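Below is one structure; the comments refer to it alone.
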Amino acid sequence: MTASGPPPNQLLQLLDAPAFDLLRPHLATVEMVRKSVLGEAGTALRYVYFPHSGSVSITVGLSEGQMIEVAMLGRDSVVGSGAALADGIALSDATVLFPGTASALEIAAFRAVAAASASFRQLMVRHEQTLLAHAQQSLLCNTLHPVEARLARWLLRARDLSHGEMLPLTQEALAQMIGVRRNAISLVAHDLQRAGVIHYSRGHIRILDLRALQTTSCDCYAAVKAHHLRLVEPCRDDGWGHHGVPA
């Protein structure tokens, strides 16, 4: 936690002072190590995580061993809140994609604060609605849009959460995230590199031309950002956000 207020997670910073004071004693800052598993589908969760930095990939798997990402969560989100409010059993896998830090609290503490604070409970419910909309948008995108647009959308979201133009990603990981074969990613990445939009080398992608990448992306990127904005605005209007919202 910072000396002046909550950690740099948007949801924690949206909480009013009474709700955050209930939460504060239970929060512990933890490192999110790349590829570490924060939750596994069908198993009981122990902690809820509010990322400060880095990102967490929420994926679902098929019996054949395939997987696809339904959402990418970072400092504008919370990992595991839906399961915590229900029976505590994770419905999907949550794996750290980009390393960072997070505030973690045990499920029992999360439930106690949710029971005691209507504003905290309402914010968590609104987040779950936003996450559902995010997942639905990802499903729509992966079903209807060409690989080039899907890749651009994904890279823009990853850039927003990583705070940089350099993304440590392999083509194999990218293919899994958007549900395509690796050779499809290779062809599209080659075209984007040739156009000067990105540069790909040794498992790293650097975004060179942000505006061109935004033009290449489908409307799903803007739609996901709008979902998160709708999560934030009612809190501001209702006088939440006592501690302010990070830029």
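The values are calculated or read from the model by the stated rules, or taken from the named source; none is laboratory data. Predicted, not measured: the structure shown is a model, and the values here were computed from it. With ideal geometry, Cβ positions are generated from the backbone for all residues, glycine too; neighbour counts draw on all protein chains shown. Ligands, DNA and RNA are excluded from the accessible area calculation, which covers all protein heavy atoms including side chains. Shrake-Rupley method; radii C 1.70, N 1.55, O 1.52, S 1.80 Å.
Taken together, 104, 116, 133 contain a single residue that is modelled with pLDDT of 95 or more, more than 19 Å from residue 174 (Cα to Cα) and touching a helix residue (DSSP H, G or I) at 6+ places or on another chain (Cβ under 8 Å), which is 116.
Filtering region 76-100 to residues that are surrounded by fewer than 17 Cβ atoms within 10 Å (Cβ to Cβ) and either in contact (Cβ under 8 Å) with a residue 60 or more places away in the chain or assigned to a strand (DSSP E or B) (or both) leaves 89, 99. Of the residues making up region 110-121, those that are surrounded by fewer than 18 Cβ atoms within 10 Å (Cβ to Cβ) and hydrophobic (A, V, I, L, M, F, W, C) are 112, 115, 116, 118. Within region 158-193, the set of residues being in contact (Cβ under 8 Å) with a residue 40 or more places away in the chain and polar (S, T, N, Q) comprises 162, 176. Region 140-210 holds no helices (runs of 4 or more DSSP H) entirely within its bounds that carry 3 or more residues that are hydroxyl-bearing (Ser, Thr, Tyr), closer than 23 Å to residue 61 by Cα and open to solvent by 60 Å² or more (accessible area, probe 1.4 Å). Per the conditions (1) within 30 Å of residue 197 (Cα to Cα); (2) more than 14 Å from the chain's Cα centre (by Cα), the sole criterion not satisfied by residue 119 is (1). Among the residues of region 219-231, those identified as open to solvent by 20 Å² or more (accessible area, probe 1.4 Å) and more than 14 Å from residue 130 (Cβ to Cβ) are 219, 221, 222.
Scanning region 194-210 for residues that are free of Cβ contacts under 8 Å to residues at least 24 places away in the same chain and in contact with a strand residue (DSSP E or B) (Cβ under 7 Å, 6 or more places away or on another chain) yields a total of 1. Taken together, the residues in region 85-116 that are under 17 Å from the mean Cα position of the chain (by Cα) and not polar (S, T, N, Q) amount to 11. Among the residues of this structure, residue 132 does not count as one that is part of a loop (DSSP other than H, G, I, E, B), of a type in the set (A, V, I, L, M) and open to solvent by 60 Å² or more (accessible area, probe 1.4 Å). Inclusion of residue 105 among residues that are outside any helix (DSSP H, G or I), touching a residue at least 24 places away in the same chain (Cβ under 8 Å) and closer than 16 Å to residue 11 by Cα is warranted. The residue list 46, 34 contains one member that is out of contact with any helix residue (DSSP H, G or I) (no Cβ under 6 Å at 6 or more places or on another chain), open to solvent by 40 Å² or more (accessible area, probe 1.4 Å) and under 15 Å from residue 103 (Cα atoms), which is 46.
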